[in-house]
Amino acid sequence: MYRSHTCGELRHAHINQTVTLAGWVQKVRDKGFMIWIDLRDRYGITQLILDEERTPKAVFDLAKTLGREFVIQVEGTVIERESKNKNIPTGDIEIMVSGLTVLNSADLPPFTIEDQTDGGEDLRMKYRYLDIRRNPVKDKLMFRHRVAMEVRNYLSQQGFIEVETPYLIKSTPEGARDFVVPSRMNEGQFYALPQSPQTFKQLLMVGGMDRYFQIVKCFRDEDLRADRQPEFTQIDCEMTFVEQEDILNIFEALTKHLLKTIKGVEVDNFPRISYAEAMQKYGNDKPDIRFGMEFGELNTLAKGKGFNVFDAQELIVGIAVPGAAEYTRKQIDALIDWVKRPQIGANGLVWVKYNTDGSFKSSVDKFYNSDDLFAWAEATGSKPGDLILVMAGDAHKTRTQLSTVRMEMAERLGLRKPEEFAPLWVVDFPLLEWDEETQRYHAMHHPFTSPKPEDIPLLETDPGNARANAYDLVLNGNEIGGGSIRIHNSELQSKMFKLLGFTHEQAEAQFGFLMNAFKYGAPPHAGIAFGFDRLVAILGGQESIRDFIAFPKNNSGRDVMINAPAPIDDEQLEELKLKLNL
Ligand code: ASP
């Protein structure tokens, strides 16, 4: 028996018991005649004590040779501690050691295994197994497990069955590139790793599974933006005989359940807004609604007053930044420089201070009097003491730019509070997106998404304006879930592929299995997938998903610990018939 208790377990009630513990040496304090050791495992830290008089000499001498992160086993008696440590649950007791076995020695770790470590990000990634010994990382992995268990239990109770779908498949289009795996047994042929189990979960519905879920790895070969992982985890779900309303209700209930059990937070029914409204009010299809700053359109108020810059623009739109009328000229100039950076690419920013005394001061005082500016204040919902920021230009671009400003100002003002949760549904997404580069339509969600029935005629006449039966679940400015009602009719599905620029042969070759399946009694079905890593991070009150993943990849998609990806040897290449004859 390696241990009778864990290092987080012993309390006052255990005093006088003989126990055996095993763990890592966190710290040794050697006072010569007395040695204290902090022994650590996943469950906590227990203090060990050895003294020259009471501890057998061989044990005492061996303790003197211990270094940080040695793995040891000790036997001893639980005694009451003289100076109690209120900060840890085991702080009332310590172990008077009578036996010590060194199970393994350890090299000096490259950084300190403490909550506050001296190790930089790169070093900690390289030695991730040591980082996992630290509470901040370990606790996040345990937190992730808790969320996963809640999800599994909740969905199982609702009649969902977890079914595993294969990883070695053929391309599923979710808008990214596939990772591919060469097949040794089928020369020149490749599997693709799933970007999601989309087609399989639909086939499970054709198979009559009715309610499916899976906590599943997905793989997307994208240019990595900050905080994206090439492999990530979804809570993937699909249901039969449901309408949008059913899906929204069930997954709203799941989200509420998680907020309540994990965070102790009760939220009201989630607001639902259309994509069009989200863009108009927030310039963003995943708005953070924890704070106001809704867009106010100023076209009719700001045009025709002699300010040429505005007259020619498609859209003039502003937000009221609460309490920011006190911004200095220097701060405002810095903000203007910030929006002009290529990342945002705005031409500039018009500002209006709505002073607390009710007066106005603006960068366009030459063109607008205080009545005009008062009307702007009303349109943007501005109160005295606010700073109104106005942008103008091409409608879509300007909204997107102002959205970035809105988020930045909210961040600066501390309005994005991690412990406040404001979920909402965004519905009625456009079905298609025009891609300038390839000069064709892309599915905004994916090609299996059903158009709104009333918009089906638009597929012939004006496809760009057709709306999809698709929805996103947004939490605190992040898309945490997205899904749609699916097409379950093989004709409509072929029409959709055609619209997306597939020839009949291409569609047949790539998705023939699905269209064929639809011929054998495909039921109406719909589903959703949650980004599990992101959901866990948000529930954990953090922005970054990386610490919630045991072995994440860095920004170049590398695992720096195992050093992957890596070349493979010639023999392997030959076997796979991948050796290039240069
Ligand atoms: N497969 C979709 C995705 O990964 C989710 C869904 O439509 O259920 O975004």
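The values are calculated or read from the model by the stated rules, or taken from the named source; none is laboratory data. Everything numeric in this text was worked out from a predicted model, so none of it was measured. Glycine also receives a Cβ, built like all others from the backbone with ideal geometry; neighbour counts cover every protein chain displayed.
Can you confirm whether Tyr212 is farther than 24 Å from Leu432 by Cα, within 16 Å of the ligand (Cβ to nearest atom), among the hydroxyl-bearing types (Ser, Thr, Tyr) and surrounded by fewer than 18 Cβ atoms within 10 Å (Cβ to Cβ)?
The answer is no for Tyr212.
Collect the residues in segment 196-232 that are assigned to a loop (DSSP other than H, G, I, E, B) and among the aliphatic types (A, V, I, L, M), keeping them in residue-number order.
Met209, Leu224, Ala226, listed by residue number.
Scan segment 145-177 for residues that are within 14 Å of the ligand (Cβ to nearest atom), assigned to a loop (DSSP other than H, G, I, E, B) and either modelled with pLDDT of 95 or more or touching a Gly at 6+ places or on another chain (Cβ under 7 Å) (or both) and jot them down.
Phe160, Thr165
Going by the structure shown, is Ala377 under 27 Å from the mean Cα position of the chain (by Cα), crowded, with 20+ Cβ neighbours inside 10 Å and assigned to a helix (DSSP H, G or I)?
So Ala377 fails the test.
Which residues, taken from segment 445-463, are touching a residue at least 12 places away in the same chain (Cβ under 8 Å), of a type in the set (A, V, I, L, M, F, W, C) and more than 11 Å from the ligand (Cβ to nearest atom)?
Ile456, Leu459
Return the pair list, or none, for Cβ contacts closer than 6 Å from residues in segment 209-237 that are modelled with pLDDT of 95 or more to residues that are assigned to a strand (DSSP E or B) and basic (Lys, Arg), at least 6 apart or on different chains.
These pairs meet every condition: Glu231/Lys217; Thr233/Lys217.
Check segment 188-195 and report whether any residue there is more than 15 Å from the ligand (Cβ to nearest atom), among the hydroxyl-bearing types (Ser, Thr, Tyr), at pLDDT 95 or above and not in a helix (DSSP H, G or I).
Scanning segment 188-195 turns up at least one residue that is more than 15 Å from the ligand (Cβ to nearest atom), among the hydroxyl-bearing types (Ser, Thr, Tyr), at pLDDT 95 or above and not in a helix (DSSP H, G or I).
Please tell me if Lys140 is within 16 Å of the ligand (Cβ to nearest atom), outside any loop (DSSP other than H, G, I, E, B) and either charged (D, E, K, R) or in contact with a helix residue (DSSP H, G or I) (Cβ under 6 Å, 6 or more places away or on another chain) (or both).
So Lys140 fails the test.
Within segment 266-293, how many residues are more than 23 Å from the chain's Cα centre (by Cα), farther than 16 Å from Gly393 by Cα and crowded, with 16+ Cβ neighbours inside 10 Å?
2
With the checklist (1) crowded, with 18+ Cβ neighbours inside 10 Å; (2) away from the ligand (no atom under 16 Å from the Cβ); (3) β-branched (Val, Ile, Thr) in hand, flag the one item Thr438 doesn't pass.
(1)
Looking at (1) part of a helix (DSSP H, G or I); (2) in contact with a helix residue (DSSP H, G or I) (Cβ under 9 Å, 6 or more places away or on another chain), can you tell me which one Tyr368 breaks?
Condition not satisfied by Tyr368: (1).
Looking at segment 172-198, I want the residues that are in contact (Cβ under 8 Å) with a residue 60 or more places away in the chain and have a partner that is among the charged types (D, E, K, R) and not in a strand (DSSP E or B) with Cβ atoms under 6 Å, at least 6 apart or on another chain. Which pairs are those?
Correct list of pairs: Arg184/Glu575; Glu187/Lys577; Ser196/Glu174.
Restricting attention to segment 221-273, which residues are in contact with a Ser or Thr (Cβ under 8 Å, 6 or more places away or on another chain), within 16 Å of the ligand (Cβ to nearest atom) and not charged (D, E, K, R)?
Result: Gln234, single match.
Report yes if Ala537 is more than 16 Å from the ligand (Cβ to nearest atom), without any contact (Cβ under 8 Å) to a residue 60 or more places away in the chain and either surrounded by 23 or more Cβ atoms within 10 Å (Cβ to Cβ) or β-branched (Val, Ile, Thr) (or both), otherwise no.
yes
Based on this model, can you work out whether Asp428 counts as away from the ligand (no atom under 14 Å from the Cβ), on the phi > 0 side of the Ramachandran plot and among the acidic types (Asp, Glu)?
yes
Could you give every pair whose Cβ atoms fall below 7 Å, whose first residue belongs to segment 500-521 and is touching a residue at least 12 places away in the same chain (Cβ under 8 Å) and under 21 Å from Glu433 (Cα atoms), and whose second residue is small (Gly, Ala, Ser) and outside any loop (DSSP other than H, G, I, E, B), counting only separations of at least 6 or pairs across chains?
Final answer for the pair search is Leu500/Ala443; Ala507/Ser494.
Mind listing whichever residues of segment 53-66 are within 16 Å of Thr77 (Cα to Cα) and either at pLDDT below 95 or outside any helix (DSSP H, G or I) (or both)? Steps first, please.
At the first step, the residues of segment 53-66 found to be within 16 Å of Thr77 (Cα to Cα) are 53-56, 59-60.
Glu53, Arg54, Thr55, Pro56 - these are the residues of segment 53-66 that are within 16 Å of Thr77 (Cα to Cα) and either at pLDDT below 95 or outside any helix (DSSP H, G or I) (or both).
Looking at segment 468-497 only, could you name the residues that are under 27 Å from Ser403 (Cα atoms), within 16 Å of the ligand (Cβ to nearest atom) and either without any contact (Cβ under 8 Å) to a residue 40 or more places away in the chain or not polar (S, T, N, Q) (or both)?
Of segment 468-497, the ones under 27 Å from Ser403 (Cα atoms) are 468-484.
Retained after the next criterion (residues that are within 16 Å of the ligand (Cβ to nearest atom)): 468-475, 478-484.
The answer is Ala468, Ala470, Tyr471, Asp472, Leu473, Val474, Leu475, Glu479, Ile480, Gly481, Gly482, Gly483.
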